[in-house]
Each structure stands twice: as C-alpha cells, then as structure tokens.
1. Would you mind telling me which numbered condition in (1) closer than 23 Å to Gly224 by Cα; (2) of a type in the set (Gly, Ala, Ser); (3) in contact with a Pro (Cβ under 9 Å, 6 or more places away or on another chain) Gly131 fails?
2. Quick one: which helices (runs of 4 or more DSSP H) sit completely within the range 108-200 and have at least 3 residues that are in contact (Cβ under 8 Å) with a residue 12 or more places away in the chain and closer than 23 Å to Val24 by Cβ?
3. Determine whether the range 250-257 contains at least one residue that is among the polar types (S, T, N, Q), free of Cβ contacts under 8 Å to residues at least 40 places away in the same chain and within 26 Å of Ser352 (Cβ to Cβ).
4. Could you please find all residues in the range 220-254 being in contact with a strand residue (DSSP E or B) (Cβ under 7 Å, 6 or more places away or on another chain), surrounded by 20 or more Cβ atoms within 10 Å (Cβ to Cβ) and closer than 21 Å to Gln336 by Cα?
5. Mind checking which residues of the range 297-319 are surrounded by 18 or more Cβ atoms within 10 Å (Cβ to Cβ), within 24 Å of Gly280 (Cα to Cα) and at pLDDT 95 or above?
6. Restrict the check to the range 46-60 and report whether at least one residue is free of Cβ contacts under 8 Å to residues at least 24 places away in the same chain, in contact with a Ser or Thr (Cβ under 9 Å, 6 or more places away or on another chain) and either closer than 21 Å to Ile185 by Cα or surrounded by 13 or more Cβ atoms within 10 Å (Cβ to Cβ) (or both).
7. Can you name every residue in the range 379-431 that is part of a loop (DSSP other than H, G, I, E, B), in contact (Cβ under 8 Å) with a residue 24 or more places away in the chain and over 30 Å from Val226 (Cα atoms)?
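The values are calculated or read from the model by the stated rules, or taken from the named source; none is laboratory data. Note that this is a predicted model, so its numbers are computed, not measured. As a convention, Cβ positions derive from the backbone with ideal geometry for all residues, glycine included, and neighbour counts pool all protein chains shown.
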Amino acid sequence: MKIINADEFNSFWKKEETAAYTDVTSSIMKIIASVRERGDSAVKEWAAKFDRSSPDRLEVPAEKMKAAYDQLKKDDPALVSALETARKNISAFAEKQREQFSDFETEIAPGIFTGQKVIPVNRAAVYVPGGRFPLISSVLMGVIPALAAGVKDILVASPPLEDGFPDKRIMAAAFISGAHRCFAIGGAQAVAALALGTETVPQADLIVGPGNKYVAGAKRVLYGEVGIDFVAGPTDVLIISDGSESSSPEEAASLAARDMLAQAEHDPDARARILVSTRGLAELIEAALEKQLQTLPTSSVARASLGAGGLIVIYNNIDEAVRIANIIAPEHLELQVQDADKYISGLRNFGSLFIGIRAVEALGDYSAGINHTLPTSGSARFTGGLSVRHFLKTPTTLRCTQGPGLDEALTAAECIALAEGLAGHAASAASRKNM
C-alpha cells in the first residue's frame, strides 16, 4: 500500500498505468479458429482442457433450471429471497431506463421528416463467470435489462462444473431472472460459440457480461462479428473521504478500509484506491486495513491486490481531488465527504457514483437496482455501464414531401457530392428536384 501526496500523483500514475498484462491473444485466436471450423466438438475439447468437465450436451434443459431453483429454495431460502429482492429493484431501474428511449419523427425543415426507431436486438447472450467466485448476481444484471429492452431470446452461458452443468445457484438465478435458455460453456470457447454459432449454440447478436482475460480477449477479437457491451479489465474502486460523514475519524477510516477490501478481495489485479484530506486519516486507514486483513477470509487475495496497486493519495482541496478522480476514471467512485454536491459538479468520469456513507458499493454490486457490469481500466472516460441501451438499436428514418426545406437540402446534397467527386450522388439528388 502506497501513500503519496497529490503533487506526486501525475508521475506515479504514468508509471502505474503502463504496467503490461500477459498477452493471451495467440491462444484466443486458436480457440476461435477451432470453434469456427469444428463447432461443438471444438467447444467440448477446450472444455476438457480448461473447465471442470466437458459435458456431452452443451444446452441445459429448461427443467434443470427450474429444478435448481426449487432445490435452492429448500436449501437456502434466504438467498432466493435476496435474489428476488434484487430482481425487483433491478427490474424497476431497467424499466425506468427503457422509458428514456422512444420512437420519434420530427419535421426539421419544411418537407423533411427525420425520425428514430428503437428496436431491441433479437438474441442476446449473458456470460457468467463460474470460477473461484461464481457471480450469481451477474445473471440478473445481464438478463433483466435485456428483458426490459424487449429482447426475444436471452441466453445464459456459464462454465460446467464436475457434473456437466453450471453452478446450481447460477442456474437458479437464470430461472429467477427470466432467461430463456442456458448453456454449460465457458471461457473464450463460449464467446466464440455464441458469436459464431455452432450445431447446438445459436448465434447471438450481442454478448454481455464479465469474465477473465480470455473471455475479455475473445470479446475484443470477435467484436464486429457480434456486438459486445465493452471489454472489461480488473475491477477497481476509488473512494474520496474527508472523514466528516462518520462519528469519528476512526470510524471513517474503518468504513473506508472495509470498502477497499471489498474490492481488493476480487482478484490480485483488482485496484482499491482512496483520496483523503489529511495524512492522519491516511494513516488511520492504513492501520484499519491491516487490522481487518487479520480476520478477512479472502485476505491472501486482498493483501496481494493492495500490495500491487493499493493507493492512498492525500489531496489539498476539492478541485485537486476531482481532478485526480477524473484522471483515474474509476469503475466505482464513492463519495464519503461533507457537501458531496461540491464534488459531483466537477466529476465526469466514473462507472457508478455512490453518494454518502450509506451508499455502500456492495449495494450496487447486488441489490439496489443499478447495474454492476461497469467500465474498468479508465474506460469510464468514454462509456457507461451495462444498461438497457446496450440491448437496443436506434436506426433512423427519413421521409420527404414537397417543401422549401427539401429543395434546399437537395441542392446542398448535390453541391457537397460534386465537391467530393461523387457525380452519381449528385445526379441522384438532382433527380428529385421539383418532384
């Protein structure tokens, strides 16, 4: 864990962000090529190599999803109740998002009517990791916005366990969320199968959801043949704390440390960072982290994460904190400060913003309704998180009638076409004059 002053940040950040990751592109290309050529048989061969089993049947029967739900309801009713609460909130938020997209047509000039259609993709696939930490919640986060968008065919794909099926909790979550079909496939071979289609796996129009570097790499390579949400890297959080929202500096430090560890426990590559207003608060947080690591079951992973990329930056004023936050462009940004609005007005780059000490990031991960599939590695500079909009297309329409606006636009089109040397375009536009 490093503690630095804000004036050291620029030189430090340049070094931090140039760290190279292992290149897995050549392996991914081999997997994709084999699935493209041999379909199901290649998927099963790669499953035998990388997954816990290679199932004879890649698609999970619908009754198996229902049985997984029924069993989970008996074995762990509290989890089922929690998932249903999350479904309710995620659905409410997704439906509100859907309301923001609508068809329209407007006459922008006399005789020229421009419009937009909002059309859901036909088939979407939600990838759900099933490794060390099976991301049960990612099922809901992917499926429910797709349903709200109006997608007709929603697939869930997750790696098979020893019995040839995905984790039973993932299958139960697929049932709860309303997924239409489920497949026991994982890794880059799953992305390839969904993007290209095989004898068993239907070709998807869009693939969303988190995954390891092989899944992310396959999405990157296959983008263009299939739509994707975005390429996700290691998860990260940035907290801004001035210690004022808690009853004491010690409590503020303890809560901030808990939120940092919640992120760090994901992965040794996860990044937990915090901006603080005083060196005293920085030292309290450092001590709280060490104390909490002593009893955290995932301490080995969290300690590795903090050692590799944990960071405490001491800022001098709000403008400085906002500037650094916008440079980092975090996946999750927590404001544990007094007068949060003074920060919010300048903050532009974040995946999700958590305002106030009660708005713990874990709520966003699971049950408050907002989506947890968010831009990482600074990509919040140019995109937001997974939402209903990813499952919608917005093609445009043009309708024309006689009018001075049409005559003016046709003349302009002819002129621009001739300037570009495209005589056919010019003639095509000119032929519509005086019609």
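1. With respect to (1) closer than 23 Å to Gly224 by Cα; (2) of a type in the set (Gly, Ala, Ser); (3) in contact with a Pro (Cβ under 9 Å, 6 or more places away or on another chain), Gly131 is out only on (1).
2. Numbers: elements: 136-149, 168-177, 187-196.
Result: 187-196.
3. So the first thing to find is which residues in the range 250-257 are among the polar types (S, T, N, Q), and the list is 254.
Remaining after also requiring free of Cβ contacts under 8 Å to residues at least 40 places away in the same chain: 254.
The next check asks that each one be within 26 Å of Ser352 (Cβ to Cβ); those that pass are 254.
Taking every residue of the range 250-257 in turn, at least one turns out to be among the polar types (S, T, N, Q), free of Cβ contacts under 8 Å to residues at least 40 places away in the same chain and within 26 Å of Ser352 (Cβ to Cβ).
4. Residues satisfying the conditions are Asp236, Val237, Leu238, Ile239, Ile240, Ser241, Ala252.
5. Restricting attention to the range 297-319, the residues satisfying the condition of being surrounded by 18 or more Cβ atoms within 10 Å (Cβ to Cβ) are 301-303, 305-306, 309-315.
Subset that is within 24 Å of Gly280 (Cα to Cα): 302-303, 305-306, 309-315.
Those that are surrounded by 18 or more Cβ atoms within 10 Å (Cβ to Cβ), within 24 Å of Gly280 (Cα to Cα) and at pLDDT 95 or above: Ala302, Arg303, Ser305, Leu306, Gly310, Leu311, Ile312, Val313, Ile314, Tyr315.
6. Applying the first criterion (free of Cβ contacts under 8 Å to residues at least 24 places away in the same chain) to the range 46-60 yields 48-49.
Now restrict to residues that are in contact with a Ser or Thr (Cβ under 9 Å, 6 or more places away or on another chain): 48.
So of that shortlist, the ones also either closer than 21 Å to Ile185 by Cα or surrounded by 13 or more Cβ atoms within 10 Å (Cβ to Cβ) (or both) come out as 48.
Taking every residue of the range 46-60 in turn, at least one turns out to be free of Cβ contacts under 8 Å to residues at least 24 places away in the same chain, in contact with a Ser or Thr (Cβ under 9 Å, 6 or more places away or on another chain) and either closer than 21 Å to Ile185 by Cα or surrounded by 13 or more Cβ atoms within 10 Å (Cβ to Cβ) (or both).
7. First pass over the range 379-431, keeping only residues part of a loop (DSSP other than H, G, I, E, B): 382-387, 394-395, 401-403, 420-422, 431.
Subset that is in contact (Cβ under 8 Å) with a residue 24 or more places away in the chain: 383-387, 394-395, 401-403.
Across the range 379-431, the qualifying residues are Thr401, Gln402, Gly403.
Each row is one residue, and each column tells you yes or no for (1) modelled with pLDDT of 95 or more; (2) on the phi < 0 side of the Ramachandran plot; (3) of a type in the set (D, E, K, R); (4) out of contact with any Ser or Thr (no Cβ under 8 Å at 6 or more places or on another chain).
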| position | (1), (2), (3), (4) |
| --- | --- |
| Asn10 | no, yes, no, yes |
| Glu16 | no, yes, yes, yes |
| Val35 | yes, yes, no, no |
| Asp70 | yes, yes, yes, yes |
| Glu84 | yes, yes, yes, yes |
